[in-house]
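The values are calculated or read from the model by the stated rules, or taken from the named source; none is laboratory data. What you are looking at is a predicted structure, and each value in this text was computed from that prediction instead of being measured. Quick reminder, even Gly has a Cβ in these numbers, built from the backbone with ideal geometry, and neighbours come from all protein chains shown.
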Amino acid sequence: MNVDLALLADYAAVTNEGKLIAAGIFDRLRPPQLPWHHPTMCIALRVHFHPGEEGGHKIGIRLVDPDGTQIVSLDGDATVAAMDPVEGGTAQLVLNLNNVPFKMKGRHSFDVFLDGRYEHSIALVLDERPASPGGPTGG
């Protein structure tokens, strides 16, 4: 199994037909100040399962800051039903995160683990807000 798609968005969902919908996709935030809590975000994943990988699997997400300190840890289970014996199958997953705490600027990483094995990272950079024109550092 492997991650085909992984992203951060303001909104994500899976339709009754199994389609993954995402809106407001981002990889950079500019908080008003730090420390700061991001009110709501979604992690959208599409995981490809190879033939023979039917059954239960563990999915883990770890958010780490630029220093490598873990901020958030999420663990869940996914069950894969029978799938195409040649192509395998995919699962669309959406995780909703609320009030995620951030203490420093720089590159943060949502690391994705499948059955305990590191599989993918989703980068999120926190920048300083640009100075407003006419402000102390503006022109």
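Out of 101, 39, 66, report the one residue that is surrounded by fewer than 15 Cβ atoms within 10 Å (Cβ to Cβ), of a type outside the set (Asp, Glu) and in contact with a His (Cβ under 6 Å, 6 or more places away or on another chain).
When all the criteria are applied, what remains is 101.
Only one residue in 44, 13 is at pLDDT 95 or above, of a type outside the set (Phe, Trp, Tyr) and under 19 Å from residue 125 (Cα atoms), so which one is that?
Among 44, 13, only 44 is at pLDDT 95 or above, of a type outside the set (Phe, Trp, Tyr) and under 19 Å from residue 125 (Cα atoms).
Quick one: which of 52, 88 is of a type in the set (Gly, Ala, Ser), at positive phi and surrounded by 10 or more Cβ atoms within 10 Å (Cβ to Cβ)?
Sole residue among the options that is of a type in the set (Gly, Ala, Ser), at positive phi and surrounded by 10 or more Cβ atoms within 10 Å (Cβ to Cβ): 88.
Which pairs turn up if I take residues in the range 118-139 that are modelled with pLDDT under 75 and look for partners that are surrounded by 10 or more Cβ atoms within 10 Å (Cβ to Cβ) and not hydroxyl-bearing (Ser, Thr, Tyr) with beta carbon separation below 6 Å, at least 6 apart in sequence or on another chain?
Cβ pairs passing all conditions: 129/30; 137/131; 138/131.
What pairs can you find where one residue is in the range 49-72 and free of Cβ contacts under 8 Å to residues at least 12 places away in the same chain and within 10 Å of residue 109 (Cα to Cα), the other is among the β-branched types (Val, Ile, Thr) and surrounded by 10 or more Cβ atoms within 10 Å (Cβ to Cβ), and their Cβ atoms are less than 8 Å apart, with a gap of 6+ or different chains?
Correct list of pairs: 70/64.
Quickly run through the range 1-25 and pick out the residues that are farther than 30 Å from residue 52 by Cβ and either surrounded by 15 or more Cβ atoms within 10 Å (Cβ to Cβ) or in contact (Cβ under 8 Å) with a residue 60 or more places away in the chain (or both).
Result: 8, 9, 11.
Which numbered condition in (1) at pLDDT 95 or above; (2) in a loop (DSSP other than H, G, I, E, B) is the only one that residue 33 fails?
Every listed condition holds for residue 33 apart from (1).
Could you grab me the full set of residues in the range 1-30 that are over 28 Å from residue 115 (Cβ atoms) and outside any strand (DSSP E or B)?
Selection gives 30 alone.
Checking residue 41 against (1) in contact with a Pro (Cβ under 8 Å, 6 or more places away or on another chain); (2) assigned to a strand (DSSP E or B), only one condition comes out false. Which one?
(1) is the only condition that residue 41 fails.
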